[in-house]
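J.: Please read through the structure below; I'll follow up with questions.
The values are calculated or read from the model by the stated rules, or taken from the named source; none is laboratory data. In this text the structure is predicted, and so the values were computed from the model without any measurement. Cβ placement follows ideal geometry from the backbone for every residue including glycine, while neighbour counts extend to all protein chains displayed. Please note that ligands, DNA and RNA were not included when accessible areas were found on the heavy atoms of the full protein model with its side chains. Shrake-Rupley method; radii C 1.70, N 1.55, O 1.52, S 1.80 Å.
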Amino acid sequence: MRNSAAKKIFEYCKKNRDGFLISGDAGFGVWEEFQKELPKQYINTGINEAAMSGLAAGLALSGHKVFIYNIIPFLLMRNYEQIRVDIAYQNLPIVFVGIGSGITYAPAGMTHYSVEDITVAKSLPNMNIISPSDPVQVKKALDFAINSSNPTFIRISRSGEPTLFDDNIDITKPLHVKEGKDRVIVFHGSIVDEVLKASEKLDDVAIVSMPFISPFDEKEVKNMFEKYKKVYVVEEHFEEGGLGTILSDFAMKNRIDTNIQKIAIKNQYIHDIGDCSYLREKLGIDAKSIVKRVKHG
């Protein structure tokens, strides 16, 4: 997904000289062609995230379309105040492209994990939040972000994700991967591979990809709640504050009687060290854990 994002941004900036890419000393091996062909549209601020956000705001106020690229904790969290005041408050249409969603930067440790980023982004009014699960969704997410008049946060994993959809999808709506009966697994982002493995042992359970975290299509979500008696929200994110919480709040506010179960990371720091597969098993979000929860939970 990272390469799909880079290609889309490069294509836009090549056609539109108002486009700027700002990197916070990240993306080595990704942006070399961009730097070579469009050196005047590329800025690396180094390890200076506050400056990165302030510079992006200034460029956007001057009429430029700005893309900021970094590992998610350094894209969104270290410079939260600058994003809040300089960008979100002024509702500037800057595109945040965050790499390493969930624990896909294992075993780098908590400094590089992005397990509370949806909570952080959701606290910023006007911020679109998109969590694609395949390269097609990434392209559609960037198309949406480029045309949006609001800031947009796109959270993607590192690489190697399967292609699930064709170019005809509507990124703003829940997307069925597999039909089912009275139960559905709703997922987003990097946990896609575990969900697909789990679905092989859950024949009668529907699988729905929901890349658009905020704002989502309320009518489509209501229809989904009416269709399925039990909704399992699987995400590589903290249990509280992620999509599961957002959907639960929506159901409560609209007095929709539905059973929403969260299969996510407990809100506690991750001290274990290992690769992504090891950590998912330890945290209870691997395919086996998903199957167990859906069958018995």
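J.: Can you tell me how much longer the chain between GLU218 and TYR89 gets when fully stretched, taken as 0.36 nm per residue apart minus their C-alpha distance, in nm with one decimal?
T.: Details: separation 129, 0.36 × 129 = 46.44 nm, distance 2.47 nm.
The span from GLU218 to TYR89 would gain 44.0 nm if fully extended.
J.: Something else now. Which of LYS40/LYS65; LYS197/LYS227; LYS173/LYS227; LYS36/LYS139 have a Cα-Cα distance over 19 Å?
T.: Details: LYS40/LYS65 14 Å; LYS197/LYS227 24 Å; LYS173/LYS227 15 Å; LYS36/LYS139 23 Å.
Correct reply: LYS197/LYS227; LYS36/LYS139.
J.: Okay, moving on. Run the quick spin-label model on THR119 and ASP143: label points 7 Å from Cα toward the beta carbon, then report their separation in nm to one decimal.
T.: My value for the distance between the label points is 3.4 nm.
J.: Then there is this: Using just the Cα positions, wrap the stretch 90-221 in a convex hull and report its mean projected area in square nanometres, one decimal place.
T.: Numbers: hull surface 35.4 nm².
Average projection, Cα convex hull of the stretch 90-221: 8.8 nm².
J.: Then there is this: Over the Cα atoms of the chain, each weighted equally, I'd like the Debye log10 I(q)/I(0) at q = 0.06, 0.12, 0.13 Å⁻¹, rounded to two decimals.
T.: -0.18, -0.74, -0.87
J.: At 222 nm, what value in deg cm²/dmol follows for the chain if DSSP H runs of at least 4 each add -39500 (n - 2.57) and the sum is divided by all its residues, to the nearest 500?
T.: Numbers: 10 runs with 99 residues, N = 297.
The per-residue figure over the chain is -9500 deg cm²/dmol.
J.: Quick one: which of 28-35, 238-245 comes out on top by average Cβ neighbours within 10 Å, and what's the full order, highest first?
T.: Details: 28-35: 13.9, 238-245: 21.2.
For the peptides 28-35, 238-245, the packing ranking is 238-245, 28-35.
J.: Can I ask one more? Quick one: work out Rg over Rh on the C-alpha atoms of the stretch 36-126, Rh as Kirkwood radius. Before the final figure, lay out the partial values.
T.: On the way: Rg = 13.4 Å, Rh = 13.8 Å.
Rg/Rh: 0.98.
J.: Probe radius 1.4 Å, ligands and nucleic acids ignored: give me the carbon and sulfur share of the accessible area of the chain as a rounded percent.
T.: Working: 6140 of 12920 Å².
So the carbon and sulfur contribution to the accessible surface is 47 percent.
J.: Averaging over all projection directions, find the projected area of the Cα convex hull of the stretch 168-226 and quote it in nm² with one decimal place.
T.: On the way: hull surface 16.8 nm².
Result: 4.2 nm².
J.: Of all DSSP beta bridges in the chain, what percent run antiparallel (nearest 5)?
T.: Of all bridge pairs located within the chain, approximately 15 percent are antiparallel.
J.: Considering only protein heavy atoms, with the full assembly of protein chains and a 1.4 angstrom probe, order ASP204, ASP257, ASP117, ASP275 by accessible area, largest first.
T.: On the way: ASP204 55, ASP257 150, ASP117 0, ASP275 90 Å².
Heavy-atom accessible area, descending, gives ASP257, ASP275, ASP204, ASP117.
J.: What residue among PRO73, PRO174, PRO107 shows peak mean-square fluctuation when the chain is described by a Gaussian network model with Cα springs under 10 Å?
T.: In the Gaussian network model the winner is PRO107.
J.: If you project the alpha carbons of the stretch 157-260 onto the principal axes, what extent comes out on each, in Å, largest first?
T.: 40, 29, 27
J.: Also, I was wondering about something else. At 1.4 Å probe size, with every protein chain present, just tell me what the per residue accessible area of the chain comes to in Å².
T.: On the way: 12920 Å² over 297 residues.
That works out to 44 Å² per residue.
J.: Enter the angle in degrees (range 0 to 90, nearest 10) between the Cα long axis of helix 243-253 and the first principal axis of the Cα atoms of the chain, meaning the one along which they spread out most.
T.: 70 degrees
J.: Could you give me D for the stretch 239-297, from Stokes-Einstein at 37 °C and 0.692 mPa s, where the hydrodynamic radius is the Kirkwood radius over C-alpha pairs? Units µm² s⁻¹, please.
T.: D = 252 µm²/s.
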